[in-house]
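Written out below as structure tokens is the structure these notes cover.
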Amino acid sequence: MEVHDKLCTDCQAEVIPKTEQEAGPHVEEGFVATRASYSSCTTDSSQAADLLHDVHLGMLALPSGVSRCMATFVRGVYDYHHYLCDGIDDRGWGCGYRTLQTMCSWITNQLKEKELNSTVSHRVPSIPEIQRILVQLGDKEQNFIGSRDWIGSFEICVVIDQLYNVPCKLLHLRSGTELVTILPQLRQHFEHFGSPVMMGGSVDNSSKGILGVACGAGESYLLVLDPHFVGKPSSKQLQNEGWIKWRPVTTFLEDSFYNLCCPQLADC
């Protein structure tokens, strides 16, 4: 198993395994809000792609046994980046990049809204730009540019720190059974920082966005955003088909390690 022996600013894991594949505040119970809206982004090929905002909004209910006071969520606006959303065919290898882009969209919206870090980028990088950044920083070899190589939580941490001067906290779990032990940290993250979280792993190696946590009396859940969608979605379709859903923490794999990348942009 390959590991990184270097960590970015404020990372909390001792050693981060690198075999991952592509590696508003509290809301009311019932969690009904306005329908997601669209924005526009431009790729290297100048192809415009419509992106949905805040695709978790409008979901009909919290998990059974969970009340409003038991759940915390991402705060602020993000765009849902997914396979092929900008014309780049990244099916089978790009989910880590797409989760990173979703996180970057949240960060750029926060920087613009709060007028923070005016000297850093206020845009979301393309997949080729992400690859170039990792090569320039010495994390990847030159042949990484234009490749279909995956990225995981460590690379996401590095890119966010480089582009926006925002540190990330890395949480490493040896098994999915350990998720329950970090739920208080995830709740604190959403309450204090409010940013989306990236989750990747080994056996369970598809990148996921984590947008919330809900702790019930019998079961606890993560609000998972899946970047593997292909097409032009509606928020209703994403919710009905499970591209954004509450996932019980007991369903994460016992035989897979997990890494979570938690951006820590202050004053959000």
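The values are calculated or read from the model by the stated rules, or taken from the named source; none is laboratory data. Because the structure is a prediction, the values reported are computed rather than measured. Note that we place each Cβ from the backbone using ideal geometry, even for glycine, and neighbour counts take in every protein chain shown. Areas reflect the complete protein model, heavy atoms only, side chains present, ligands, DNA and RNA absent. Shrake-Rupley method; radii C 1.70, N 1.55, O 1.52, S 1.80 Å.
Numbers for the structure displayed
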item	result
Residues of segment 209-229 classified as in contact with a strand residue (DSSP E or B) (Cβ under 6 Å, 6 or more places away or on another chain) and either under 22 Å from VAL159 (Cβ atoms) or open to solvent by 40 Å² or more (accessible area, probe 1.4 Å) (or both), total	6
Output for segment 230-254, where each listed residue is in contact with a strand residue (DSSP E or B) (Cβ under 8 Å, 6 or more places away or on another chain) and closer than 16 Å to ASP54 by Cα	LYS232, PRO233, SER234, SER235, LEU238, GLN239, TRP243, ILE244, LYS245, TRP246
Filter pass, ARG148 being in contact with a helix residue (DSSP H, G or I) (Cβ under 9 Å, 6 or more places away or on another chain), outside any strand (DSSP E or B) and of a type in the set (D, E, K, R)	no
Sole residue being more than 19 Å from TRP106 (Cβ to Cβ) and open to solvent by less than 50 Å² (accessible area, probe 1.4 Å), chosen from GLY176, GLY146	GLY176
Cβ-Cβ under 8 Å pairs, at least 6 apart or on other chains, segment 241-253 side closer than 18 Å to GLY201 by Cα, far side among the hydrophobic types (A, V, I, L, M, F, W, C) and open to solvent by 60 Å² or more (accessible area, probe 1.4 Å)	VAL249/VAL180; LEU253/VAL203
Residue satisfying condition, being in contact with a helix residue (DSSP H, G or I) (Cβ under 7 Å, 6 or more places away or on another chain), surrounded by fewer than 19 Cβ atoms within 10 Å (Cβ to Cβ), within 27 Å of ASP90 (Cβ to Cβ) and modelled with pLDDT of 95 or more, within set LEU170, LEU260, LEU253	LEU253
Contacts under 9 angstrom Cβ, first residue in segment 215-237 being among the acidic types (Asp, Glu), partner part of a strand (DSSP E or B), 6 or more apart	GLU219/PRO248; ASP226/LYS208; ASP226/GLY209; ASP226/ILE244; ASP226/LYS245
Unique match (being under 24 Å from ASP89 (Cα atoms) and in contact with a Phe, Trp or Tyr (Cβ under 6 Å, 6 or more places away or on another chain)) among GLY212, GLY231, GLY201	GLY201
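Results for (1) assigned to a loop (DSSP other than H, G, I, E, B); (2) more than 20 Å from LYS208 (Cα to Cα), shown as yes or no for each residue.
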{"site": "ARG98", "(1), (2)": "no, no"}
{"site": "GLN101", "(1), (2)": "no, no"}
{"site": "GLU113", "(1), (2)": "no, yes"}
{"site": "VAL124", "(1), (2)": "yes, no"}
{"site": "PRO128", "(1), (2)": "no, yes"}
{"site": "CYS157", "(1), (2)": "no, no"}
{"site": "LEU183", "(1), (2)": "no, no"}
{"site": "PHE190", "(1), (2)": "no, no"}
